[in-house]
Amino acid sequence: MIIMIRLIITTIGLMVSGSLFYSYDPLQMFHNTGQDLKSVTSEQLDVPKVSNHVPRHIQEQQEQISLDSILSQYEEQLSLLHEEVEGRIQKVLSTAMEDYYEAKDNDQGQSVTSLFFKYRNVIEHLELQADESFAEIYENLERELEQHGYGKSDALPIKQHYEEIKEATKASIIREARGKF
């Protein structure tokens, strides 16, 4: 049992940081492959956009928008993105745990490696979606900063914060996987 737990923890760690190549659809390997996982990866991340359209008469009054004001709007978007990704990760981990215990209870002999491939693919897809959503947010931020006379480099704290959130999320996944498996 201890060896099985260690293998699961190791594979979850590899799922987060490793990259392995496989040539089959891992979502077809387990019983629990219904809409749960497909809905997690098929839906676009829904992050509200900051409206860049400002009527001319208001724009003239807002020429001196502070850098902190602009950054805080995008920091809020980043928080919303993080919350949505965290929710989806929790759903994936919950489904992985159900899959593991179902296979174990039914003595299906499913390998931990097979389970790893399935959920690594889902987590990587979520990471890609989050990166794409962040890139869009970041481009909008840079554009807005330039419109108000600031430089693109003023957006770097938001990018650094996003990278910190990604690393913290990866560490959280590993910790949670160790606790559940």
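The values are calculated or read from the model by the stated rules, or taken from the named source; none is laboratory data. The structure presented is a predicted model; accordingly, all values stated were derived computationally and were not measured. As a convention, Cβ positions derive from the backbone with ideal geometry for all residues, glycine included, and neighbour counts pool all protein chains shown.
Observations, loosely collected:
- Q64 at pLDDT 65 or above, outside any helix (DSSP H, G or I) and more than 26 Å from the chain's Cα centre (by Cα): yes
- Taken together, E127, E144 contain a single residue that is surrounded by fewer than 20 Cβ atoms within 10 Å (Cβ to Cβ), closer than 29 Å to Y101 by Cα and touching a helix residue (DSSP H, G or I) at 6+ places or on another chain (Cβ under 9 Å), which is E127.
- As for the stretch 104-113, it holds no residue that is closer than 29 Å to L67 by Cβ and among the small types (G, A, S).
- Members of the stretch 98-148 that are without any contact (Cβ under 8 Å) to a residue 60 or more places away in the chain and basic (K, R): K104
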